[in-house]
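The values are calculated or read from the model by the stated rules, or taken from the named source; none is laboratory data. The structure displayed is predicted, hence computed values, not measured ones. We place every Cβ from the backbone using ideal geometry, glycine too, and count neighbours over all the protein chains shown. Surface areas here come from the heavy atoms of the whole protein model, side chains and all, with no ligands, DNA or RNA. Shrake-Rupley method; radii C 1.70, N 1.55, O 1.52, S 1.80 Å.
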Amino acid sequence: AGDNAGEVDLSDDCFDLSDNFITVTREEAVIDCEDLVNGGTVALEDGSTEATITIDDEADILTFTSDGAMGDNFTYIITDSDNNVLGIPDGNMQDFNGAGVGVCKVWGLSYTGDLVVMPNDNLNSLDLSSDCYDLSDNVITIIREAAEEDCKDIVEGGTVALEDGS
């Protein structure tokens, strides 16, 4: 192995090479990420893809589901309306109460390799994993609104009277 067949003795006795040869071209396999990952679709536990929560003292824990996702790894990514990453929950639930007023989007991410996206990154400006990845075909929209305070708990009108007390 490794010798040039046209320049060395191939046998210690008589030998002859064929008059022709077969050329074999070896190529590295190209991996098509579409065959390895699919972000699927995401929804809330009740099947909806939008929720409005009130920012108050009560927890607003929402549970996410995924359908059709495929790949070695899967996670949810929470972004603002400009696709800046706010967080990557450890599981399929998140409390949105402490996030403040605004709109969040929840994406599903199927990936191989290592997750490289981090909070404050923008989904549109970098690779999300060290290998193949695919975001969900849709998003869950979370609208976070300020709580309307009950005015009766804040102000007291008191009583009024004329100077003579009537």
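When segment 66-93 is limited to residues that are among the small types (Gly, Ala, Ser) and under 13 Å from the mean Cα position of the chain (by Cα), the one that is modelled with the lowest pLDDT turns out to be 71.
For segment 1-94, the strands (runs of 3 or more DSSP E) that sit wholly inside it and include 2 or more residues that are without any contact (Cβ under 8 Å) to a residue 60 or more places away in the chain, closer than 30 Å to residue 146 by Cα and open to solvent by less than 60 Å² (accessible area, probe 1.4 Å) are 61-67, 73-80, 85-87. Looking for something open to solvent by 50 Å² or more (accessible area, probe 1.4 Å) and farther than 24 Å from residue 36 by Cα - is there at least one such residue anywhere in segment 128-138? No: segment 128-138 contains no residue that is open to solvent by 50 Å² or more (accessible area, probe 1.4 Å) and farther than 24 Å from residue 36 by Cα.
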